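The values are calculated or read from the model by the stated rules, or taken from the named source; none is laboratory data. In this text, all values refer to a predicted model and were calculated from it rather than measured experimentally. Neighbour counts are summed over all protein chains in view; Cβ atoms, including those assigned to glycine, are modelled from backbone coordinates with ideal geometry. Surface accessibility is based on the protein's heavy atoms, side chains included, excluding ligands, DNA and RNA. Shrake-Rupley method; radii C 1.70, N 1.55, O 1.52, S 1.80 Å.
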Amino acid sequence: MMTTSYTDIQRLFEQRKNNPLFNTSYPLSPDDWAKYSTLGSLMFDASKPIAFYLHIPFCRQICSFCEYTKMCMPDTEKQRNYISTLIRDIERFVEKYPEWKFYGFDIGGGTPTALDSEVFSELMMWYMQFIPERMVTDRFEPSIEGTFDSLVSDYQGHHKSRLIAKAGIKRLSLGVQSTSDKVLNPLHRNTISSKEMAEAIEEWHQLGISKINLDLMYGLPGQTVENILKDIEVIRMLNPEQVTVYEFRTNQLHAPYKTDNDTCFTQYCELYEGLIRLGYYGEFGRNTFSRDAHDMGLSSYLRHRMFDGWQYKGFGISAQSMSEYGVSYNMGKNESTGKLIDNHSYESIAYYNLPSNELLNKFIAISGYSGGFSLSVAKGLFGEDFATRYNHILNFLINEKLATISSDRLQLTKSGFRHYGAILSLFYTI
C-alpha cells in the first residue's frame with residue numbers, strides 16, 4: 001500500500017537512502033512478481049517500432065565485478081550451436097510480424113567480439129542479410145559490445161573490426177572499466193596500453209565505425225579518486241565520441257566486496273566534472289556522455305528504452321523483453337548457463353503480465369540511469385491519474401530539493417542523486 005503523508009515519505013526515504021538494495025534493479029526480488037507470472041508468451045504491439053537485443057554470454061575470462069549472465073568461452077562447436085539457436089529463435093519470432101519496423105538492434109554480452117573468428121563472421125553475415133530486409137526508423141543506430149583485448153590482442157581482431165564496419169554497425173561500445181592495473185588485475189581483468197587503444201580507435205574510425213563508446217566504472221574495490229583522474233586523462237587522450245559510467249553494485253554480487261554511497265558519489269562527481277571539462281555533454285546524474293550536444297551517448301535501442309519506454313525483444317540465454325503487456329525473461333536468468341547452451345531454443349520461460357503500476361516501476365528503474373524520467377511516459381504507463389496518485393511523492397522531492405521538474409521531465413538534483421536508489425524506490429509499491 002502506498003504511503004500518503006509527507007512524514008511517511010520522509011521516513012521511508014531515510015530508511016532506504018543508505019541501502020544498496022535500492023538502485024536501478026527492479027523487481028527488487030524475483031518473488032515480488034510471482035503473483036503476475038502466467039503461461040504463454042509476451043505479446044507485442046506490431047503497430048509500434050521494436051528493438052532487438054542479442055545476448056552473447058561468452059567471455060575469455062570472468063571479471064569479478066560483472067553482474068551479467070556469462071560463462072567462460074566454450075569450444076567453437078558450442079559457440080556455433082549457440083549462435084544458430086539464437087538466430088532460429090529470431091526467425092521464428094519475426095515470422096509472426098514480417099512488417100515490423102525496427103528502432104534499434106544491439107548485440108551485447110558477455111563479449112560478442114570474443115567469439116571465434118569463423119563464428120563471429122557467421123553472426124555478422126546473418127546480420128547483413130537480416131537488417132536490409134527490414135524497415136527501420138530514421139534514427140536507427142545499431143551497436144555491438146566488445147573489448148580492446150578481443151579486438152586488438154586477438155590476431156583475428158582486425159578481421160572482426162572490418163566485419164563490424166562492413167555490416168554497417170557504426171557504434172562500438174568497449175568495456176574499459178578502469179585504466180589502473182592495480183584496480184583491474186585483482187578483479188580478473190587485463191588492461192592494454194593507452195597507445196594500443198589510441199591506435200585501435202584510429203583504425204576503427206578509418207574503417208567507418210564512427211562512434212566509439214568507452215565504459216568506465218566507479219566504486220570498484222580499491223579504486224580511488226587518483227584512479228578516476230587517471231581515467232579522465234586517458235579519455236582526454238583517446239577522445240572517444242561517447243563515454244558511459246557505471247556504478248559498481250555490490251548487492252547484485254555474491255562476493256565480499258564493500259562500497260558505500262559517499263565513495264560512489266565522490267567518484268561519480270569526479271568523472272562528471274572531468275568529462276564536462278573535456279567538452280562532453282550530459283546532465284548531472286546521467287550515466288551517458290557525448291561529444292555531440294544533440295546525442296545522448298546511447299544506441300537507439302538504449303535511448304528509446306531508457307527515455308521513452310519503448311518495447312524491446314531480447315534473444316539468447318537470460319535476455320529480457322518488455323512491452324506494454326509485461327516483461328519476460330529467457331531461460332538462464334537464474335540457472336547454470338553451461339547446461340543450457342545446447343538447447344534448441346532459449347525462448348522465455350518466465351512471463352509476467354504486469355499491471356500499470358508495475359510497468360511504471362520497471363520504466364522508472366530503467367530510466368534511472370538517466371538521472372530521472374519522463375512524466376508523460378509515466379502517465380502513459382500508469383494512466384491519467386498519475387499526477388494525482390503520486391503527487392505527494394513529487395511534492396516531497398521538490399520541497400526537499402531532491403529533484404526538479406522542467407517541462408516533461410523529473411530530474412534528480414545533485415543532492416538527490418546522492419541517494420538516487422532511495423528516491424526511485426519511493427514510486428514503487430512493495
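Observations
- Pairing residues of region 188-210 that are free of Cβ contacts under 8 Å to residues at least 12 places away in the same chain with residues that are not in a helix (DSSP H, G or I), at Cβ distances under 8 Å and at least 6 apart in sequence or on separate chains, gives His205/Ile212.
- Wholly within region 163-244, helices (runs of 4 or more DSSP H) carrying at least 1 residues that are within 25 Å of Tyr281 (Cα to Cα): 194-207, 225-238
- Residue within region 352-362 that is closer than 19 Å to Gly108 by Cβ, touching a residue at least 60 places away in the same chain (Cβ under 8 Å), open to solvent by less than 30 Å² (accessible area, probe 1.4 Å) and in contact with a Leu (Cβ under 6 Å, 6 or more places away or on another chain) present: no
- Checklist (1) within 20 Å of the chain's Cα centre (by Cα); (2) surrounded by fewer than 16 Cβ atoms within 10 Å (Cβ to Cβ); (3) among the hydroxyl-bearing types (Ser, Thr, Tyr) applied to Ser5, failing item: (1)
- Take the conditions (1) surrounded by fewer than 20 Cβ atoms within 10 Å (Cβ to Cβ); (2) part of a helix (DSSP H, G or I); Phe284 misses just one of them, which is (2).
- Residue satisfying condition, being over 23 Å from Tyr36 (Cα atoms), polar (S, T, N, Q) and open to solvent by less than 30 Å² (accessible area, probe 1.4 Å), within set Ser299, Ser345: Ser299
Okay, residues lined up against (1) under 26 Å from Ser370 (Cα atoms); (2) open to solvent by 20 Å² or more (accessible area, probe 1.4 Å); (3) not basic (Lys, Arg):
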{"position": "Thr191", "(1), (2), (3)": "no, yes, yes"}
{"position": "Tyr218", "(1), (2), (3)": "yes, no, yes"}
{"position": "Gln223", "(1), (2), (3)": "yes, no, yes"}
{"position": "Glu226", "(1), (2), (3)": "yes, yes, yes"}
{"position": "Glu233", "(1), (2), (3)": "yes, yes, yes"}
{"position": "Asn239", "(1), (2), (3)": "yes, yes, yes"}
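- Checked against (1) out of contact with any Pro (no Cβ under 9 Å at 6 or more places or on another chain); (2) open to solvent by 10 Å² or more (accessible area, probe 1.4 Å); (3) within 22 Å of Tyr428 (Cα to Cα), Ser328 passes all but condition (2).
- Picking from residues in region 136-162 that are assigned to a strand (DSSP E or B) and open to solvent by 10 Å² or more (accessible area, probe 1.4 Å), the one that is nearest to Phe102 (Cα to Cα) is Val136.
- Once region 25-52 is narrowed to residues that are within 23 Å of the chain's Cα centre (by Cα) and hydroxyl-bearing (Ser, Thr, Tyr), the residue that is most open to solvent (accessible area, probe 1.4 Å) is Ser29.
- Residue in region 323-337 that is part of a helix (DSSP H, G or I) and out of contact with any Cys (no Cβ under 6 Å at 6 or more places or on another chain) present: yes
- Any pair with Cβ under 6 angstrom, 6 or more apart, that starts in region 137-152 at a residue that is farther than 23 Å from Ile192 by Cα and ends at one that is part of a helix (DSSP H, G or I) and modelled with pLDDT of 95 or more: Arg139/Ser300; Phe140/Ser300; Glu141/Ser300
- Considering residues of region 194-206 that are open to solvent by 50 Å² or more (accessible area, probe 1.4 Å) and out of contact with any Phe, Trp or Tyr (no Cβ under 8 Å at 6 or more places or on another chain) only, the residue farthest from Val234 (Cα to Cα): Gln206
- Qualifying residue in region 261-272 (condition: modelled with pLDDT of 95 or more, of a type in the set (Val, Ile, Thr), in a helix (DSSP H, G or I) and surrounded by fewer than 19 Cβ atoms within 10 Å (Cβ to Cβ)): yes
- Members of region 103-119 found to be under 19 Å from Gly316 (Cα atoms), touching a Ser or Thr at 6+ places or on another chain (Cβ under 7 Å) and of a type outside the set (Asp, Glu), listed by number: Gly104, Thr111, Thr113, Ala114, Val119
- Restricting Ser25, Ser5, Ser29, Ser41 to residues that are free of Cβ contacts under 8 Å to residues at least 12 places away in the same chain and among the hydroxyl-bearing types (Ser, Thr, Tyr) narrows the list to Ser29.
- Across region 67-97, the number of residues qualifying as touching a helix residue (DSSP H, G or I) at 6+ places or on another chain (Cβ under 9 Å) and free of Cβ contacts under 8 Å to residues at least 60 places away in the same chain comes to 10.
- Listed by first and then second residue, the pairs with beta-carbon distance under 6 Å, at least 6 apart or on different chains, first residue in region 283-295 and on the phi < 0 side of the Ramachandran plot, second open to solvent by less than 60 Å² (accessible area, probe 1.4 Å) and part of a strand (DSSP E or B), are Asn287/Thr244; Asn287/Val245; Thr288/Thr244; Phe289/Val243; Ser290/Gln242.
- Condition check for Arg16 on (1) farther than 22 Å from Asn261 by Cα; (2) of a type in the set (D, E, K, R); (3) under 25 Å from the mean Cα position of the chain (by Cα): one failure, at (1).
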